[in-house]
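Structure record follows, encoded as structure tokens.
Every number here is computed from the coordinates shown, using simple stated rules; none is lab data. This one's a predicted model, so the numbers in the text were calculated from it and none came from an experiment. All Cβ positions, glycine included, derive from the backbone under ideal geometry; neighbour counts span all protein chains shown.
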Amino acid sequence: MSAVPVSTKPLPVPPTLVSFIAFDYGEKRTGVAVGNRLMGTAQPQGSIHAQGDARFAQIALRLKEWQPDGIVIGVPYHPDGASHENTARAKKFGRQLNGRFNLPVFEVDERYSTTEALSQGAKDADAASACIILEQFLRSL
């Protein structure tokens with residue numbers, strides 16, 4: 001099985017891709033949200049508090065439970081749009097997801113998603129941020 005390419009720029013999302021899972025990657029915590037293009041909404045699903053293979057084991061369980069058609073990841077940038085260390089980490093995470101789970105991965109600029117989540121009073125800012133990232137992606141469809 002060959003890996004499905006990771007989208008690094010906005011590409012048309014085939015209409016056959018309906019359900020998505022989103023990740024707000026962090027070195028210690030990864031927020032999770034699910035949603036679909038039919039409703040155009042997303043729901044936070046908590047955060048994964050694991051690293052390395054343990055993180056991917058938790059992701060595998062979420063993928064089995066939700067069976068999404070695609071994965072959306074938030075990619076952070078500086079306010080001026082410049083890349084930084086976490087930009088590279090998030091992109092690597094996306095490539096790893098694609099390689100391990102053979103699902104298309106779409107990147108979303110996640111600038112200010114955590115700030116927005118916190119301003120909305122989120123108890124789990126990482127999951128709320130993943131939800132914001134996914135809703136932004138769904139609106140772009």
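See the values below:
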| item | result |
| --- | --- |
| Antiparallel bridge percentage (DSSP; both residues within segment 15-140; nearest 5) | 55 percent |
| With at most 16 neighbouring Cβ atoms within 10 Å, loop chymotrypsin sites (Phe, Trp or Tyr not before Pro) (DSSP) excluded, longest segment of the chain | 1-76 |
| GNM top mover of V32, V72, V18 - the chain, alpha-carbon springs below 10 Å | V18 |
| Charge dipole of segment 15-140 about the Cα centre (unit charges at C-beta), most positive-ward option of A42, Q58, A122 | Q58 |
| Cα gyration tensor shape of the chain, rounded if a/c is under 1.5, else prolate or oblate by comparing a/b with b/c | rounded |
| Total charge dipole magnitude, the chain, about the Cα centre, Cβ charges on Lys, Arg, Asp, Glu only, Debye to nearest 20 | 300 debye |
| Under the span-like rule (Cα at least 20 Å along the axis, Kyte-Doolittle mean at least 1.0), DSSP H helices of the chain | none |
